[in-house]
4 protein chains.
Amino acid sequence: MIIVMKPGAKQDSILKIKELIEANGLDAHISDGKEVTIIGVVGDKTKLQNQNLESFDEVDKIVAVTESYKLSNKKFHPEPTVVKVGNVEIGGDNFVTFSGPCAVESEEQLITTAHAIKKAGAHILRGGAFKPRTSPYSFQGLEEEGLKFMKKAKEETGLPVVCEVTSLTAIEAAVKCVDMLQIGARNMQNFYLLKEVGKTGLPVLLKRGLSATIDEWLNAAEYILAEGNPNVVLCERGIRTFETATRNTLDISAVPVIKEKSHLPIIVDPSHASGVRAYVNPLSRSAIAAGADGLMIETHPDPSSALSDGPQSLTFEQFEQLTEDLKPFIHLMGKKI
Amino acid sequence: MIIVMKPGAKQDSILKIKELIEANGLDAHISDGKEVTIIGVVGDKTKLQNQNLESFDEVDKIVAVTESYKLSNKKFHPEPTVVKVGNVEIGGDNFVTFSGPCAVESEEQLITTAHAIKKAGAHILRGGAFKPRTSPYSFQGLEEEGLKFMKKAKEETGLPVVCEVTSLTAIEAAVKCVDMLQIGARNMQNFYLLKEVGKTGLPVLLKRGLSATIDEWLNAAEYILAEGNPNVVLCERGIRTFETATRNTLDISAVPVIKEKSHLPIIVDPSHASGVRAYVNPLSRSAIAAGADGLMIETHPDPSSALSDGPQSLTFEQFEQLTEDLKPFIHLMGKKI
Amino acid sequence: MIIVMKPGAKQDSILKIKELIEANGLDAHISDGKEVTIIGVVGDKTKLQNQNLESFDEVDKIVAVTESYKLSNKKFHPEPTVVKVGNVEIGGDNFVTFSGPCAVESEEQLITTAHAIKKAGAHILRGGAFKPRTSPYSFQGLEEEGLKFMKKAKEETGLPVVCEVTSLTAIEAAVKCVDMLQIGARNMQNFYLLKEVGKTGLPVLLKRGLSATIDEWLNAAEYILAEGNPNVVLCERGIRTFETATRNTLDISAVPVIKEKSHLPIIVDPSHASGVRAYVNPLSRSAIAAGADGLMIETHPDPSSALSDGPQSLTFEQFEQLTEDLKPFIHLMGKKI
Amino acid sequence: MIIVMKPGAKQDSILKIKELIEANGLDAHISDGKEVTIIGVVGDKTKLQNQNLESFDEVDKIVAVTESYKLSNKKFHPEPTVVKVGNVEIGGDNFVTFSGPCAVESEEQLITTAHAIKKAGAHILRGGAFKPRTSPYSFQGLEEEGLKFMKKAKEETGLPVVCEVTSLTAIEAAVKCVDMLQIGARNMQNFYLLKEVGKTGLPVLLKRGLSATIDEWLNAAEYILAEGNPNVVLCERGIRTFETATRNTLDISAVPVIKEKSHLPIIVDPSHASGVRAYVNPLSRSAIAAGADGLMIETHPDPSSALSDGPQSLTFEQFEQLTEDLKPFIHLMGKKI
């Protein structure tokens, strides 16, 4: 941690901060510059977490030099984490495809989809039973009934299943039916929920928030890991920018950045990122080439009648074509499908 | 609702959509343009909510012409709403100041603050007992103990109190102690939580999400109103942009925009918006001049020892000076303090 | 300047950087932290400007502790600058209103407007003769003919005039007709143009770029000042964000931030910031209350027939009402009109 | 074009607009909705360009249904454009790599680089002689001397050369030395400059502005095309967002979006987009997989001594490795190198 003093800060103010640092058992290195003085803090910064150094009058700014996340940090855990979801492994040299409808609408819709995506080579079935929707008047999901259909789809096809959870009640219902819990973008900083999914011990798919920095995202993962649950998979799904040609802006750089900063697997959701069916194929190839560990692709038996996010869903034929098109790219990256 | 077809859309596709619209009991007006055909949909759009018109193959885009929020919409409720918190009225020609520490740290800190802000003219005491923090290793709040201090501060000073809630458990504890519940920026689209605070019937202070559009914000308010709870106060607290000179970017235009689109009161939080103590005074004046119904200002007996957000907190002397400085602006806007 | 090394950086790499710094005549203070080593650089950083310290292999990041702008920096020039445009003074305790049409369309339109705004109390006439338009098929301005109308309007009313310039040719034509040159948002980092307007010695109105940070904006001002031209007035006109309820997002915090970092005057353009006539009044009040030195307001004899930006232009009656409404706020801020 | 009236708009206002539209030779289709009336405008919209329909009092908004760019629009020019730069073809099934230093620093640096990148398989040499820099005190480029080195490098290696131009003077000097002119991100909406490069007839590399929408970018291209110069190549180089882990956010979706909306070739610059050497390789693969027609990669004989943008430059060895690594991805996309 570096403390940058304001220009002309009095010797007195500098000493007061030095004493505070040392009183907390750390060392303070003072550099008197031509214009400003900087204080380098050496030692265990957690001892200072209750001190508001920025509030001292002649402090200009505090510059952090180490990340606040530890368990999700590659620095302290250099080997890539492999997360097991049912019998499917995510991370390492595996490439995993999640697929299914945005929202579970009926038993028939889900079972049909599960069979179709399995045939096309998908590994995990996704489906939303609790849907966060902008308007209270939009379809909110089948809730517990939807979870039962998820369980049935799993029994019929053998595919592990993942479902978003939005409350403790939803978690309690979901743990009985699904293999992995999803935290959606809007709940990425719902820290209460993060702790609760952490406690279940189930694998968690953590979507990036709409305006979350990568640093905040890894801190959100830290909330789950800190509960003793190491099974976190990150999912880049587009961030909010000024551009309106796509629903969100897929931050493809997040893939190599995460690979450099963390050991956690990362997958990409090109369906939500773009919101446009025609862009799912090129963005899927991009994600693979950037080094992603998997993809999450929306599919629906009849996208034009979907109750949620139809415009970005693929038909089964389109999905089958996609998985076929992607194979050579996955192989080129040295990954196993 | 307007459906814009792709250039060269086949007559057949157009007719199929027209039939679907009419089959749902609405009217379709077709305009054949030189380049594209557009279909105006007339009637009750909620009947179409389960139809994914955007997924039809030759549809280019759907343009909404009416807002999805109804109860928070000024169009259907032209009179400004006045929300009562304890004996304090927010909205109309009242100007209300919320103040207090970011986090409740001790009984003494809170009671001292309550007395000081009351003396300076504040109307409502704020204080965080459940703190959403980016890192799991930062101070998370005193939780239920903090709520008890809030209650005590209220009993000692007569000031109504408001506290952020982050879970159903927190709501259940808070309703026994506070007069108003706050939904923080990170939970603005935690729809489950919105419904639960709606059900309590208590007044709700709804902060704008970090990257929430005004439309999404009013839809979030709609979730609360739709539970039969009309007591919602909006709080602009800065949005996330590329600028780093301030912690967030205060969207001052949100004040007149909300005044035009909604009947709900809106207050401004310059402390969180800027993150810098020196900007709280000019931004408070700005908010008043833009037409805000109130302010939320962070205060702390000793900002340099605050466990959360010290750099933006005012001392009691600074706060007293601020309320004094703001009075003529409030009067100029024709508001009662 | 602080150099943060990567964790585990070799002693060798650290020494190499230390030697380079010292070889350039500066001092290097090394702090060995528990996790990382930081090097504080003390001395005249311009001596290092040709060294790419960030490219050294074990360097993690470089943190600047002093601003790169000097002439526009309040630190080295604490007194507020007052810029004279004709006989009008901008800055200090003066409050100045610019007004006029977005685009000069005809002699009659401009002269009528000039008389009307003068009567309503405006101090400077604005008008665009060279219009940067997104599409090449939109009206591009009357160019030199427009400048002649500006000159005539000035002669008839005595109001100083300001016009945007977009090329050296435009500058050469404009200096003969106008009192102040404007650099538009899209040209804020057209450094060639900045140098050229700097050389003219005429006062310059420098609009903030659509996605320019305040730091970049003051560096753009520095380009003009570095040509020996101290007469720069800044103009906040909204930045680009995700919000679409207003055309841009007025960054009201820019006013106090600029007042803290620079001695240059700053005015606000609520017309371009919001793009909506109804928001011009509340945003003007906000700007005054935030401490702005002036306003730029678009007016037009008949906004519905304006060739550019009609929706945000005020009629003369509306403008007269506005200037009347704003007077008490300007007085309250201790400014002279 | 669709005109959406405000709720409760008077019949009179609607008729006035209808008459105006018809008076300009277009048709107006009126749809009376339950809440609002919409007017579909059918015919040649350019006839209405001098009418400010948005300024009419009861108009809520105008929705454009056709793009304002025509010459760059795929709709009217479905075949992909192939741009010839010297003997190199860009677009169609060609894949082209641009490489070279951010700034030309010396004859030796440039010639060495030219030989090295040619050996590694690059097709076009880039180099900056006129450098737009945030601070006036940073290295501004060798200007005309730099152009001479570019010409010499071309003569020695046979590689076509491209250089950014920032003024008419720069264009006049550059056309004598280089094969392609580059418009940098900061000048993307310098419409004067766009027209001037258009007039030269030379191929133009048009970088996307830092906060330019894709629609604005294609309109910028339209300025060049409208001068009779069809040789425009687009270059995605990252946009400005809130994320700070990378210098900019590479908008990879821009590649498929441009491929859908325009016939112009598009290349990607991962060096400027990320600002980090380690991300150049994964982002290059991503760009290829997304369908880009080429890449622009910064190289330098000794990045740690580069006068501009060292941290993102590759050494010759790294560049050679990169071109080798990318080959199978380029082949997989069916492109010729």
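Here is how the numbers come out for the structure above:
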quantity: Proximal aspartates and glutamates to C:Lys148, defined as alpha-carbon separation beneath 18 angstrom and excluding residues fewer than eight positions away on the same chain; calculated: C:Glu105, C:Glu107, C:Glu108, C:Glu156, C:Glu164, C:Glu172, C:Asp179
quantity: Calculated over region C:189-246: convex hull of Cα atoms, volume per residue (Å³); calculated: 71
quantity: Shielding by other protein chains, D:210-223, mean Cβ within 10 Å; calculated: 5
quantity: ³J(HN,Hα), Karplus 6.51/-1.76/1.60, whole Hz, each residue of region D:261-272, x for Gly, Pro; calculated: 9, 9, 9, 6, x, 9, 10, 10, 10, x, 5, 6
quantity: B:Ala64-D:His331 pseudo-label distance in nm [points 7 Å out on the Cα-to-Cβ vector]; calculated: 5.0
quantity: Computed log₁₀ I(q)/I(0) - Debye formula, equal Cα scatterers, no solvent, region D:271-326, q 0.15, 0.17, 0.22, 0.28 Å⁻¹; calculated: -0.39, -0.50, -0.80, -1.18
quantity: Cβ neighbours within 10 Å from other chains - mean over A:283-295; calculated: 6
quantity: Relative contact order of region C:2-63, defined on C-alpha pairs under 8 angstrom at six or more residues apart (%); calculated: 47
quantity: Additional length obtainable on full extension of the chain from A:Glu155 to A:Glu260, 0.36 nm per residue less Cα span; calculated: 34.0 nm
quantity: At 0.890 mPa s and 25 °C, Stokes D of region B:210-289 from Kirkwood alpha-carbon radius, µm² per second; calculated: 185
quantity: Fluctuation leader among A:Val161, A:Val255, A:Val42 - chain A, Gaussian network, Cα springs under 10 angstrom; calculated: A:Val42
quantity: Estimated distance in nm for a label pair at B:Asp57 and D:Lys176, the labels positioned 7 Å out from Cα along Cα-to-Cβ; calculated: 5.9
quantity: Between region D:191-250 and region B:231-272, the alpha-carbon center distance in angstrom; calculated: 34
quantity: Whole-number D in µm²/s for region B:6-159 (Stokes-Einstein; Kirkwood sum over Cα pairs; 25 °C, 0.890 mPa s); calculated: 117
quantity: Nonlocal amide H pairs with A:Ile297, under 5 Å, H built at 1.01 Å; calculated: A:Phe98, A:Ser99, A:Gly100
quantity: Stokes-Einstein D (µm²/s) once Rh is taken as the Kirkwood radius of region D:1-48 over alpha-carbon pairs, at 25 °C in 0.890 mPa s; calculated: 227
quantity: Inter-label distance, nm, simple model (7 Å from Cα along the C-beta direction), A:Asp93/B:Glu107; calculated: 6.4
quantity: Alpha-carbon centroids, region D:119-172 and region B:84-119: separation in whole Å; calculated: 62
quantity: For region C:150-166, 3J(HN,Hα) per residue [Karplus equation, 6.51 cos²θ - 1.76 cosθ + 1.60, θ = phi - 60°, Hz, x = Gly/Pro]; calculated: 4, 4, 5, 4, 5, 4, 6, 10, x, 6, x, 10, 10, 9, 5, 10, 10
quantity: Theoretical FRET efficiency, 1/(1+(r/R0)^6), r = Cβ-Cβ of A:Lys10 and D:Glu145, R0 56 Å, to 0.05; calculated: 0.70
quantity: Exercise: per-residue mean of other protein chain Cβ atoms within 10 Å, A:182-189; calculated: 4
quantity: Amide H partners (placed H, <5 Å) of D:Gly128, local residues excluded; calculated: D:Ala103, D:Val104
quantity: Pairwise Cα inverse-distance average, inverted: Kirkwood Rh of region C:156-208 (Å); calculated: 11.1
quantity: Nearest-ten-degree value, helix B:191-200 long axis tilted from longest Cα axis of chain B; calculated: 60
quantity: For region B:161-262, convex hull of alpha carbons as volume per residue, Å³; calculated: 97
quantity: In Å², nearest 10: area of C:Met333 left accessible to a 1.4 Å probe; calculated: 50
quantity: Cross-link table A:Lys47/B:Lys199; B:Lys261/B:Lys327; A:Lys34/C:Lys207; B:Lys34/D:Lys61; A:Lys336/D:Lys336; A:Lys259/C:Lys10, entries beyond 31 Å C-alpha to C-alpha; calculated: A:Lys47/B:Lys199; A:Lys34/C:Lys207
quantity: Placed amide H near B:Thr241: partners under 5 Å, 5+ positions off or other chain; calculated: B:Thr249
quantity: Along principal axes, Cα extents of region D:240-337, largest first, whole Å; calculated: 41, 34, 20
quantity: Karplus-derived 3J(HN,Hα), 6.51/-1.76/1.60, for each residue of region C:32-43, Hz, glycine and proline x; calculated: 8, x, 5, 9, 9, 9, 10, 10, x, 9, 10, x
quantity: Between 0 and 90°, nearest 10: helix B:11-23 axis offset from chain B longest Cα axis; calculated: 60
quantity: Using alpha-carbon coordinates, inclination of helix D:316-332 to the longest axis of chain D, degrees; calculated: 50
quantity: Volume per residue that the Cα convex hull of chain C spans, once the total is divided by residue count, Å³; calculated: 156
quantity: Mean residue ellipticity (222 nm) of chain A, computed from DSSP H runs ≥ 4 via -39,500 (n - 2.57), nearest 500; calculated: -10000 deg cm²/dmol
quantity: Long-range tail of P(r) for the protein assembly as shown (Cα pairs > 58 Å, %); calculated: 13
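The values are calculated or read from the model by the stated rules, or taken from the named source; none is laboratory data. Owing to the predicted nature of the structure, the values given are computational and were not obtained by experimental measurement. Reconstructed Cβ throughout: ideal geometry from the backbone, glycine too, with neighbour counts over all protein chains shown. These accessible areas exclude ligands, DNA and RNA; they are computed on the full protein's heavy atoms, side chains included. Shrake-Rupley method; radii C 1.70, N 1.55, O 1.52, S 1.80 Å.
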